[in-house]
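Enquirer: Quick one: structure below, then a few questions.
The values are calculated or read from the model by the stated rules, or taken from the named source; none is laboratory data. Being a predicted model, the structure only gives us computed values, none of them experimental. Cβ placement follows ideal geometry from the backbone for every residue including glycine, while neighbour counts extend to all protein chains displayed.
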There are 2 protein chains.
Amino acid sequence: MKIALAQLNYTIGDFDGNLSKMISYIEKAENSGADVVCFGELATCGYPPADFLNFSEFIQRCNHSIEQLKQYSYKTAIIVGSPIVNPKIEGKDLLNSAFFLYQGEVIGTAHKTLLPTYDIFDEYRYFEPATEFRTIRFKGKNIALTVCEDIWNVGNDNPLYPICPMDHLIEQSPDLMINISASPFNYNQPKNRKEVILANVNRYQLPLFYINHTGAQTDIVFDGGSVVASPDGNIFREMPHFTETIEYFDLEDVISGGRTDIQPDDKTSLIYQALITGIRDYFSKLNLKTAILGLSGGIDSAVVTTLAAQALGKENVRVILMPSQYSSEHSIADAVSLTQNLGIRFDIVPIKETYMAFENSLQPLFLGTEPDVTEENIQARIRGLLLMAISNKYGNILLNTSNKSEMAVGYSTLYGDMCGGLAVLGDVYKTEVYQLAHYINRDDEVIPLNSITKPPSAELRPGQKDSDSLPLYDILDPILFHYIEESKGPEEIIAMGYERSLVLNILKKVNINEFKRKQAPPVIRVSPKAFGPGRRMPIVGKFLS
Amino acid sequence: MKIALAQLNYTIGDFDGNLSKMISYIEKAENSGADVVCFGELATCGYPPADFLNFSEFIQRCNHSIEQLKQYSYKTAIIVGSPIVNPKIEGKDLLNSAFFLYQGEVIGTAHKTLLPTYDIFDEYRYFEPATEFRTIRFKGKNIALTVCEDIWNVGNDNPLYPICPMDHLIEQSPDLMINISASPFNYNQPKNRKEVILANVNRYQLPLFYINHTGAQTDIVFDGGSVVASPDGNIFREMPHFTETIEYFDLEDVISGGRTDIQPDDKTSLIYQALITGIRDYFSKLNLKTAILGLSGGIDSAVVTTLAAQALGKENVRVILMPSQYSSEHSIADAVSLTQNLGIRFDIVPIKETYMAFENSLQPLFLGTEPDVTEENIQARIRGLLLMAISNKYGNILLNTSNKSEMAVGYSTLYGDMCGGLAVLGDVYKTEVYQLAHYINRDDEVIPLNSITKPPSAELRPGQKDSDSLPLYDILDPILFHYIEESKGPEEIIAMGYERSLVLNILKKVNINEFKRKQAPPVIRVSPKAFGPGRRMPIVGKFLS
């Protein structure tokens, strides 16, 4: 039996686009003599469809796509994910289903049992879990078909669910396992995914074919990396990351095993590719073309500019230098030399005149007050306003350059440097931004070395440095990581050897700045715990604040 | 048996505050000779604690509060909600529990079975559902204790869950039902709640004591309105809305019934009270005192100013008039007369000079372009910047005045009039804003009639009116309601008799402006479907856009 895995980049709600893409891959699979071609979870509508699932017209469109696909299933069978209406009156209205289509008919279905409802996932919001399990017979083989999370409750010390679907399916003596997924990227995911797949293969002693999505849906990136594993406990093949592709596998070859063919999984390289994918698909799926951003001469905006030029083409990136009286000469020089290295357009719009106008307008109200953070914020907000004005006039989309460390502690100005349609580095700690910069410069000096080596500064007052207000990033970032990624509380972090007052101060900063992050642009997710829908914190609350 | 219902305003994560408040009400209950006093769901930590539940130190603090409360349970027993660690290794780590404390011991617990995971609710994100049901014996009575949603699966045509906890508990022949809740307000909720309570009373023929929270947690408002219902199918007592209070009930009186004592539930009056509660608690729980907002002379900012003055005191509200060349004279006059009616401070900061400065700065880049929405947005953003600057300098919190109709169709400027810490009217359609204005003016003309009667305008270009860009609100709002509150798709709405192109145009506007709402301030929720965490839509997506 020849099995095709089609690892595709779907668009949420683009029924026609997703369908015609699948049809073109079905034709490839037919031409290659595949017996069955596998698409991803909820492939008809894209993942995550979120509350569109509450609209019956949306579900009708999904059903229509399945009806269409049936007509293409005469030569090569099709496995595809789509939501369907729960036939039972009790429980949630939908099931998250995998359809096995062959010769114009549905010859089997599998409904998802384990519904991820944590981090960025909200599946129990929409779906009723399946309670029955049935293998599907096709061309003399008995297939255990499952949807995504249903193979993830194996090999855990603390199982997230009280049941394990494959434990039921294995009783029906399947010959192979097929799992259709929509498994979002984080830099640990390629490794975790292979571990879970091998845990299944080792437990059930069957070959496993695992198909994933690729491409980005706003903040959520799918890295592809679909996997075929052999019963001998080897990864027979890991398909490329962040790439739309189809591959073909002979079942007997996979059962024979003895092969390990995996992709490189260097963390910084994966993050780099995920961010490029995130920028590229945000623009292409919204039918946008050109990006704009403010270039300060610092490392964050330099990295974002480079990523944008890579994702969109250098001709589609426009940068604005907006020096103030506090901007150092090297900042402008560093910014200009980056634009030269990349070959992109820049303009200079000094902010002094607008700043003076605000100072004049506010002078009667500010009489007798001392300069403070207000005046720094005015500068940041003037820059935001200028960028948005150029964006409005020319239809460019503003890219936000805030990094995760800044967003965490609120070292940023709401409606100022927090403006933008997409926060490219919002899930990348400052120390990781340096790693990205070095990765970008691995062959040539694209980002001026001076942007990397000088002490970070917002340049909103004379001689300002980040380290005036924040601990050094080498100290800050690990504490943030323990709190945000690891959900460790203050006493646990202090017990690891960090100074009490430092920990409490940082955690308080994170919590009292929840109101800023509430209004931040969507953050491209690359870590296991990104700001955004995967991290839901009260704005008003007293714990740790 | 004398039962006390303590309807309290908790603060999320304020363990000491919530505990000492409960202790003070236990003392009241003791002094009144109550046998048992009931607090709300998750009362130790406040609701919704969101991802703080993932922190073991947070759960330890909850446990500590329960330990403390035990010491106060010697005279009057205590029923109180708190999360606890799931004793089973499989499944989610927590249970959402009700504790029955008496004489220093836990004499019974009930764990929540039906975990709301829809709209603003995310409970299956954290909690494992209970599968066992046991009544609690206390002073010769057998009590069926449940948590919130566990009584809501009764009397529905389309039950949301496959099981019904009271159907199990009734087999143990309880004498009464007690339900502890954290049931957020929307203008339908007081009515829905009483219907569900009566459905239970009629089904099980037992008295029901239902205790709710009151007060606001950022966007989510609890309206109190705790209910005692008699087996004869009458609401024996509905406690006041939006008020912290304790009441006492003799079980025999309630069983006798024959009484119906409910609260008024006029929609506009409820919304008015909810918004006042939302503003008041946002400020008080964040330890903030004074609000600022821009006053345009239009109805939205007039209503918000009036609500803020009511919630915070007129001395704690500061308004800024920021006229441009396009501001009409009546706008300034109407704004000034509102401030005089309310007795609040106002300042005037014209925006002409700053606008000219931006025009000059951008002139080289904008050479040869025509004026468009860019220039309108610059004005709105200058106003946002001025308000934020005054807010930063004096520690006022900016209140946002966007209404739900504008937020829906994106008739607003991101980083301009969308600035603010809290969106007071973001869940109030324009047609409902008019109803609020009339309600506010029911005795005296607080809001100048001219602000109510003149055609709505953003005044960002000469002679501009909302109706230049939008359908009349009488037409727009019902279409938005069918789409947003009722989740009806375009074909369903068209089938109701609306013009096809109008419907498609409006729905498209709603969807393509998801990116703006992603960056909007938290919206005080008053409807069954508010923008914010209760409505989760993709930003990148093709359906209806």
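Enquirer: If you go through segment B:131-143 one residue at a time, do you hit one that is outside any strand (DSSP E or B), touching a strand residue (DSSP E or B) at 6+ places or on another chain (Cβ under 8 Å) and buried (at least 23 other Cβ atoms within 10 Å of the Cβ)?
Expert: Within segment B:131-143, not a single residue is outside any strand (DSSP E or B), touching a strand residue (DSSP E or B) at 6+ places or on another chain (Cβ under 8 Å) and buried (at least 23 other Cβ atoms within 10 Å of the Cβ).
Enquirer: Do you know which of the residues in segment B:382-397 that are of a type in the set (Gly, Ala, Ser) and assigned to a helix (DSSP H, G or I) is nearest to A:Gly395 (Cα to Cα)?
Expert: First pass over segment B:382-397, keeping only residues of a type in the set (Gly, Ala, Ser): B:384, B:389, B:391, B:395.
Restricting the remaining residues to those that are assigned to a helix (DSSP H, G or I) gives B:384, B:389, B:391.
Values: B:Gly384: 22, B:Ala389: 28, B:Ser391: 31 Å.
Checking each candidate, the answer is B:Gly384.
Enquirer: If you go through segment A:508-526 one residue at a time, how many are part of a helix (DSSP H, G or I) and either under 18 Å from A:Thr431 (Cα atoms) or assigned by TED's automatic domain parsing to the domain that holds A:Asp281 (or both)? Walk me through it before giving the result.
Expert: Start the filter on segment A:508-526 by keeping residues that are part of a helix (DSSP H, G or I), which leaves A:508-512, A:514-518.
Then drop every residue that is not either under 18 Å from A:Thr431 (Cα atoms) or assigned by TED's automatic domain parsing to the domain that holds A:Asp281 (or both), which leaves A:510.
Qualifying residue count for the region: 1.
Enquirer: To continue, here is another question. I'm trying to understand the selection: among the residues of segment B:360-381, which are farther than 15 Å from B:Arg461 by Cα and part of a helix (DSSP H, G or I)?
Expert: Of everything in segment B:360-381, those that are farther than 15 Å from B:Arg461 by Cα and part of a helix (DSSP H, G or I) turn out to be B:Asn360, B:Ser361, B:Leu362, B:Gln363, B:Pro364, B:Leu365, B:Phe366.
Enquirer: Next up: What residue, among those in segment B:18-56 that are among the β-branched types (Val, Ile, Thr) and not in a loop (DSSP other than H, G, I, E, B), is farthest from the other protein chains (Cβ to nearest Cβ)?
Expert: The extreme case among them is B:Val36.
Enquirer: Could you please find all residues in segment A:454-496 being in a loop (DSSP other than H, G, I, E, B), without any contact (Cβ under 8 Å) to a residue 60 or more places away in the chain and among the polar types (S, T, N, Q)? Write out each step before concluding.
Expert: Residues of segment A:454-496 that are in a loop (DSSP other than H, G, I, E, B), as a first pass: A:454-465, A:470-472, A:485-489, A:496.
In the following step, the residues that additionally are without any contact (Cβ under 8 Å) to a residue 60 or more places away in the chain were identified as A:455, A:463, A:465, A:471-472, A:485-489, A:496.
Residue satisfying the conditions is A:Ser487 alone.
Enquirer: Only one of (1) modelled with pLDDT of 95 or more; (2) within 16 Å of A:Tyr439 (Cα to Cα); (3) part of a loop (DSSP other than H, G, I, E, B) is not met by A:Leu338, so which one is it?
Expert: A:Leu338 satisfies every listed condition except (3).
Enquirer: Is it the case that B:Lys529 is more than 9 Å from chain A (Cβ to nearest Cβ), within 29 Å of B:Phe242 (Cα to Cα) and of a type in the set (Lys, Arg)?
Expert: Values: more than 9 Å from chain A (Cβ to nearest Cβ): yes; within 29 Å of B:Phe242 (Cα to Cα): yes; of a type in the set (Lys, Arg): yes.
It is true that B:Lys529 is more than 9 Å from chain A (Cβ to nearest Cβ), within 29 Å of B:Phe242 (Cα to Cα) and of a type in the set (Lys, Arg).
Enquirer: Still on this model: Taking the condition at pLDDT 95 or above, closer than 22 Å to B:Val85 by Cβ and either in a helix (DSSP H, G or I) or within 9 Å of chain A (Cβ to nearest Cβ) (or both), does B:Asp167 pass? Full working, then the answer.
Expert: On the way: at pLDDT 95 or above: yes; closer than 22 Å to B:Val85 by Cβ: no; either in a helix (DSSP H, G or I) or within 9 Å of chain A (Cβ to nearest Cβ) (or both): yes.
So B:Asp167 fails the test.
Enquirer: Taking the stated definitions as given, is A:Thr277 modelled with pLDDT of 95 or more, of a type in the set (Val, Ile, Thr), more than 16 Å from A:Gly426 (Cβ to Cβ) and under 19 Å from the mean Cα position of the chain (by Cα)?
Expert: no
Enquirer: Inspect segment A:298-317 for any residue being within 26 Å of B:Ile512 (Cα to Cα), within 14 Å of another protein chain (Cβ to nearest Cβ) and not polar (S, T, N, Q) and give the result as yes or no.
Expert: No, segment A:298-317 has no match at all.
Enquirer: Restricting the search to segment B:326-376, which residues are closer than 27 Å to B:Lys465 by Cα, touching a strand residue (DSSP E or B) at 6+ places or on another chain (Cβ under 9 Å), among the aliphatic types (A, V, I, L, M) and more than 8 Å from every other protein chain (Cβ to nearest Cβ)?
Expert: Answer for segment B:326-376, where residues must be closer than 27 Å to B:Lys465 by Cα, touching a strand residue (DSSP E or B) at 6+ places or on another chain (Cβ under 9 Å), among the aliphatic types (A, V, I, L, M) and more than 8 Å from every other protein chain (Cβ to nearest Cβ): B:Ile332, B:Ala335, B:Val336, B:Leu338, B:Ile348.
Enquirer: Across segment A:91-125, what is the total count of residues that are in contact with a strand residue (DSSP E or B) (Cβ under 7 Å, 6 or more places away or on another chain) and crowded, with 21+ Cβ neighbours inside 10 Å?
Expert: 14
Enquirer: I'd like to verify a number: residues in segment B:1-17 that are within 13 Å of chain A (Cβ to nearest Cβ) and either of a type in the set (Lys, Arg) or part of a helix (DSSP H, G or I) (or both), how many?
Expert: Here the count works out to 3.
Enquirer: Oh, and also: Any idea which of (1) more than 22 Å from the chain's Cα centre (by Cα); (2) in a loop (DSSP other than H, G, I, E, B); (3) closer than 25 Å to B:Gly421 by Cα is the one A:Asn505 doesn't satisfy?
Expert: (2)
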